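Readers should treat all values here as calculations from the given coordinates under stated rules, not as data from a laboratory. None of the values given here were measured: they were computed from a predicted structure. Here the Cβ is made from the backbone with ideal geometry for all residues, glycine too, and neighbour counts use every protein chain on show.
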Amino acid sequence: MNKFYITTPIYYVNSHPHLGHLYTTLIADAVARYKRQRGFDTFFLTGTDEHGLNIERAAEKNGLPVKQHVDNIVNEFKAAFAPYRLTNDHWVRTTDDYHKRAVQELWRRAQANGHIYKGKYEGWYCANCNEFYSENDAVTGEDGTPICPTHDRPLDRVAEESYFFKLSEFQNRLLELYEKNPNFIRPETRRNEVMSFVRGGLNDLSISRVSVKWGIPVPEDPDHTMYVWFDALSNYITAIGFGNDQFGGEEHFNQYWPADLQLVGKDILRFHTVYWPAFLMAAGIEPPRTVFAHGMWLSGGRKMSKTLGNVIDLAVLQKHFTTDAVRYFCLREMVFGHDGDFTYETLLERVNAGLANGLGNLASRTLTMVGRYCDGVVPAPGQANADLTARSSEVRDAVKQAVAQFDREFDEYNFSRALEAAWSAIERVDKFLSDAKPWNLAKNAEGRGSLESVLHTATEALRHLAVLLVPALPNATQAIWEQLGEAGKASEVAPSALEWGQSTGKRIGEVKPIFPKLDKQKVMDEIKQEEAAGQAARTEENKAPQAQPPAETTSASAAAEAASEPAATPSYITIDDFAKVELRVGQILTAERIPKADKLLKFTIDLGEAEPRQILAGIAQYYEPEKLIGRKVIVVANLAPRKMRGLESQGMILAASIGEEGRPVLAGFLEEAPNGAKLK
Ligand code: MSP
């Protein structure tokens, strides 16, 4: 029996599940269902990536032990995915013991083969962030010293002991892998990108940290914690029995490895096509067969992200759309490999057009007529007139061609084209019914043969489509299957096993609508309200001390600093301490970007003084300067002036810091407040 091993990325538990995560998982699920239905011995893996500094920090912010924090988020992922009844064979967690042991084994092998060495990692380090910054990420200060983009302080040049992976030695072997296996990286455009990156030369990779604790210890040197990608990428082999006894261990591993398809978003392609095969080669393990990078769902033209606040909430999605509708939309709307813009309006239109008016309508009109004109028993093809006989066999051929085309496209992971092929058959049968007008044929006895021929053809087409569309619409196709009077599971019938005509004589089941039509206006109104409520709830959640850190009112640029304060023990200040801070109402007179500083905006602000002040704030990634002119803000007026990028900042603007990434939201007033008024 042919095997098929398919994986999704393992999702970071430093963020809540959203449509982006569900997307990759649904596509993988559709492929797994497709392969199983066609007789492949399939293993489908998904899971969660639970180590690293960010996760340690997020737990700290929530005031929870790290394991409890990650358990909570993992449960959230599982709950959000549950309605989709995914057919994954396992959910890997990088905090599971079998994974940890096996990653250490992988490390040992790579080290024994001479691909790991101990050295010194030198870089620009921020003690507040506890993190190294590349010169590109840091802001350059006046004297040329890089400055922490979060804390506005000079970075320290620090060297720490680290293990390195000799990635530089793998350049030729990787290029050979790409050349010999054109399908290793798909689609083609991505393959070219990665090849030119690797041709440019590779540096050795630092793969351990002494400053990070939440992770897997390096074997025989537990002061070092493994770099997250070494740990995370290994899940694809540890979960199926490499270096442990999962599912029986080695035998199971050899049965499924190398993976046939590793799905990833294009954001993490390089890790999967450069680091991953190199780690495997270093340990003497074969690389996977195909890594396929899909595009990103955009929302409002931008990548969905928590920071931008434009993620699609799975709870809202699930409330209004069946899981099949979401699957259909994901497979059909996004050309696999390209980006796609998500809007609820488009989703509603596609669901109404393709499912309610398309497949759903074909099923209900066909089955209703079998009920009405043939006592609920699928007729054998009757003696039709020559024209109808010819048209019936054309429809049969068109359906058979669509079935073959669907498989050809699906095998190439062209999901949207596969569905187009199926829908061209649906339209064809629909037109056949509309032209043949069985309701007229039923009016007199002479039409009987033609009527039976038409309904036989339409029912057979529907039966073939129900089996064909199992991977895309598992629930709806099963419902159609049962309404057709068929026993068992449509998912257990291979399309190639169907023969035209087998439904003759079957008594159909109760006919019920499969995809009721959605009222676009009504659903949109409800969604808008729910999204607004969700946003408000999230803001509230940010304020609740146990659940999330307080939504700090702090300078936008120092947001992360305050956010990393542990929430456990409140430390109070006196009223006198507070009185030392002079807060005043200011009005933005001018606002502009600063050349070569991506994060800073320069303002002049009227504080009711003789001269307006020049103030800088690190909010350029979140606000358009032009839109801020005239806005009232709160300014810390007695902060010692300081220089950033050679420009003096004479105060600080206050903003709430939202979420772990510290998205700034400027503080302001609902009522008129004169410039310069003091806040108490
Ligand atoms: N933990 C790493 C992956 C390690 S794999 C060994 C990670 N996690 S993540 O939670 O950030 O998930 C990234 C993946 O989620 C993307 O590669 C993609 O599969 C999916 N998506 C996240 N946002 C997405 C969109 N907006 N659109 C489509 N898929 C997206 O990176």
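What ranking do 217-227, 489-499 get when scored by the average of other Cβ atoms within 10 Å per residue, highest first?
Output ranking for 217-227, 489-499: 217-227, 489-499.
How do the peptides 26-35, 317-326 rank, highest first, by the average count of neighbouring beta carbon atoms within 10 Å per residue?
26-35, 317-326
I'd like to compare 369-375, 146-152: which one has the highest average count of other Cβ atoms within 10 Å, and what's the full order after that? All intermediate terms of the calculation are to be shown ahead of the outcome.
Working: 369-375: 18.0, 146-152: 20.9.
In decreasing order of mean packing, 369-375, 146-152 become 146-152, 369-375.
In straight Cα distance, which aspartates and glutamates are under 12 Å from residue 528, not counting same-chain residues fewer than 8 positions off?
313, 345
Quick one, what does Rg over Rh come out to for the chain if you take C-alpha atoms and the Kirkwood Rh?
On the Cα set of the chain, Rg over Rh gives 1.05.
Which lysines does residue 489 reach when only Cα atoms under 22 Å apart count, and residues fewer than 8 places away in its own chain are ignored?
3, 35, 400, 506, 512
Order by neighbour count: 7, 189, fewest other Cβ atoms within 10 Å first, most last.
With the sparsest Cβ surroundings first, the list reads 189, 7.
Work out which helices of the chain, taken as complete DSSP H runs, extend at least 18 Å along their axis over the Cα atoms and score a mean Kyte-Doolittle of -1.0 or more, then list them.
For the chain, where a helix must reach 18 Å along its axis and average at least -1.0, the hits are 19-37, 66-81, 361-374, 386-411, 415-436, 448-468.
Taking residue 67 as the anchor, which aspartates and glutamates have their alpha carbon closer than 17 Å to its alpha carbon, excluding any fewer than eight residues away along the same chain?
Partners within reach: 49, 50, 56, 76, 96, 97, 231.
What's the extension gain from residue 252 to residue 647 if we count 0.36 nm per residue and subtract their Cα-Cα distance? Don't skip to the answer; put the middle values down first.
Values: separation 395, 0.36 × 395 = 142.20 nm, distance 6.25 nm.
So the chain would gain 136.0 nm between residue 252 and residue 647.
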